[in-house]
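**Student:** This is the structure I have questions about; it appears just below.
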Amino acid sequence: MSKTAESEGALETRGIEPVPDAERTAKTRELFPTWVAANISVLLLTMGASLVVAYKLNFWQAVVVAVAAPMVSYGLVGLIGIAGKRGGAPGMALSRAVFGQRGNLLPGSLIWVARWGWETINAVTGAYAVLTVLDICFDIRQNDFLVILTLLCFVVATFAISGLGINAVQKCNKYATYLFGLFSVMVLIYLIVDTDWSEVFGRPAGQTSLMVAGIGMIAAGGVSWIPSSPDFTRYLPRTASSAAIVRNSIGGAGIVVLPMVLMGAVMAVSTPDLASAADPVSFLGEILPMWIAVPYLLIALVGMLLINAMSMYSAGFTAQTLGFKVPRHWAVSVNAVISLIFGGILMLVATSFMGSFIAFLSLLAVAFSAWVGVFGADMFTRKHYDPAALVDTGRTSAYWYKGGFSPAAVISWAIGLVAGLLFTTSDWFTGPLATNNFIGEYGLGWVVTIVVSGLLYLALPKPADTTTAPEDSKESAPLAV
């Protein structure tokens, strides 16, 4: 946490400009509750149920999925987060050094649009939690007016937290971690007593290909956080442990993903409709006893608020890198309005919430992975980021390259994106190469995207780096962990 943020009060006024070294006093341990809060989502339960119902996996295969998914996705979150402590700036601002001042607008725009969908899904889930609590506790039935009202309240609360900045987000994350721990104990007690464990352990094993695809489905949520990871590490000093960044990222996410996914898998054995419910939140309110349903839905509401607050916090930076000449907390309002509009459409019009969510996840992973491949490959060779060049968007910037573009980065990003889509299948889109091969069968389109874009970037000639390292930079190796 920065001294500047504390001295200025609750509102963080710093935008995409790099944080001065004297103000970078955060601790790596603060990342643990950050990534705990980023995963407190009821949708992990429904995805866990999908592993049993749709993917036909048994309990032990679900364990493998629940362990591997956060290790893969949040391992990448942690690795990319190292760039934040090296450059002291948000992820999409650091991306200017890789793609060029104009070239960065291409992946930046796609990631910003993808965040609309992610924030819409979270806002809808939070609104459903409010509606279900009103129904259970006060017998207030859902109607169109109440849908819009609860969605509006949720989005306004999200905007308030994310608009205040990093201090507010981190404090809320800390308290949410404690609440989640209490909730987890309650649910575990209920499941241990109420579950027919012979039925759970008696299920046959499913196909290995579907187990790998299940890892990809759950990992997609973590992949969406990768470009935002430097946003939460930019207040770390340059000497902060890279290994600790990775460790806290995986640990914070894993401690939530593992129990939530497994609880969903266990619940689905007796109530398979959980995996396909049009409104998964209210459905859970029906199958759980009131003593656990109400606190569960309240923590789900808190979790959705924090996930969306973190996403909008990062989206504000992305909007600024795209040229929005407004303070960060006002840039956040753009995403707030969009999530309100799209959320209303999804709640009032869409017929299959989970179907839409799973289809969105598969395409979301590819959209973010193209940037991850190029940016991650660049980290292997880049020794530093020039603070002045990052904020200079004109032709005088050292990151202007050729007409504002780094040809190697833009070409690698575009080809990687197309390659991944060719092997991706979802309810909305099926690539021409997504069938009759193990890549499509195992749901590895997003992995193809990272590998193709990253290797191609390393192979292509890149513009010379004419910048000099900051005087107080003490890192000698680009990716030392």
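Here, each number is a calculation from the coordinates, and none is a lab measurement. On a predicted model such as this, the values are computed, not experimentally measured, just so you know. Cβ sites come from the backbone with ideal geometry, for glycine too, and all protein chains shown count toward neighbours.
**Student:** At 222 nm, what helix-only mean residue ellipticity would the chain give, in deg cm²/dmol to the nearest 500, using -39500 (n - 2.57) for each DSSP H run of four or more? The partial results should precede the final answer.
**Tutor:** Numbers: 20 runs with 322 residues, N = 481.
Value at 222 nm, helices only: -22000 deg cm²/dmol.
**Student:** Within the chain, which is the longest segment that contains none of the GluC sites (Glu not before Pro) sitting in a DSSP loop with at most 15 other Cβ atoms within 10 Å? Could you put the intermediate results ahead of the total?
**Tutor:** On the way: sites that count: Glu8, Glu471.
With GluC sites (Glu not before Pro) excluded where exposed in loops, the chain gives 9-470 as its longest stretch.
**Student:** Still on this structure, please answer the following. What's the longest uninterrupted piece of the chain once you rule out the chymotrypsin sites (Phe, Trp or Tyr not before Pro) that are loop residues per DSSP with at most 15 other Cβ within 10 Å? Provide the component values of the computation, followed by the final result.
**Tutor:** Working: sites that count: Phe324, Phe380, Trp428, Phe429.
Free of exposed loop sites, the longest segment is 1-323.
**Student:** So if a site counts as exposed when it's one of the trypsin sites (Lys or Arg not before Pro), its DSSP state isn't H, G, I, E or B, and it has at most 11 other Cβ atoms within 10 Å, what's the longest stretch of the chain without one? Let's see the in-between values first.
**Tutor:** On the way: sites that count: Arg141, Lys325, Arg395, Lys474.
The segment 142-324 is the longest one with no such site.
**Student:** With just the Cα atoms of the chain, tell me how far they stretch along each of the three principal axes, in Å, largest first.
**Tutor:** In descending order, the Cα extents are 64, 54, 39 Å.
**Student:** Enumerate the helices in the chain for which the Kyte-Doolittle hydropathy averages 0.0 or more and the C-alpha atoms extend at least 20 Å along the helix's axis, using complete DSSP H runs.
**Tutor:** Numbers: long enough: 59-87 (43 Å, 1.28); 105-138 (48 Å, 1.09); 144-164 (30 Å, 2.33); 166-194 (41 Å, 1.09); 208-223 (22 Å, 1.71); 242-270 (43 Å, 1.63); 290-321 (46 Å, 1.39); 328-348 (31 Å, 1.49); 353-379 (38 Å, 1.75); 407-422 (22 Å, 1.99); 445-459 (21 Å, 2.00).
The answer, listed by residue number, is 59-87, 105-138, 144-164, 166-194, 208-223, 242-270, 290-321, 328-348, 353-379, 407-422, 445-459.
**Student:** In nm, give the distance between the simple-model label positions of Gln207 and Lys383, each being 7 Å from the Cα along the Cα-to-Cβ direction.
**Tutor:** So the label points at Gln207 and Lys383 sit 5.1 nm apart.
**Student:** Under a point-charge model restricted to the Cβ atoms of Lys and Arg (+1) and Asp and Glu (-1), what is the dipole moment magnitude of the chain relative to its Cα centre, in debye to the nearest 20?
**Tutor:** Taking the Cα centre of the chain as origin, the dipole is about 1300 debye.
**Student:** Can you compute the FRET efficiency between Asn143 and Val294 using 1/(1 + (r/R0)^6), with r the Cβ-Cβ distance and R0 = 25 Å? Round to the nearest 0.05. Let's see the in-between values first.
**Tutor:** Details: r = 21 Å, r/R0 = 0.85.
Once rounded, the FRET efficiency stands at 0.75.
**Student:** Name the residues whose placed amide hydrogens come within less than 5 Å of the amide hydrogen of Thr425, ignoring near sequence neighbours (fewer than 5 apart) on the same chain.
**Tutor:** So Thr425 has HN proximity to Gly431.
**Student:** Taking only pairs that are 8 or more places apart or on different chains, how many Lys pairs in the chain have Cα atoms under 14 angstrom apart?
**Tutor:** Numbers: Lys3/Lys27; Lys27/Lys85; Lys27/Lys171; Lys27/Lys174; Lys85/Lys383; Lys85/Lys474; Lys383/Lys474; Lys402/Lys462.
Here the count comes out as 8.
**Student:** What does the charge add up to near Tyr399, with Lys and Arg as +1, Asp and Glu as -1, over the other residues with Cβ less than 14 Å from its Cβ? Could the numbers behind the result be given before it?
**Tutor:** Details: positive: Arg96, Arg102, Arg382, Arg395, Lys402, Lys462; negative: Asp378, Asp386, Asp392, Asp465.
Charge balance near Tyr399 sits at +2.
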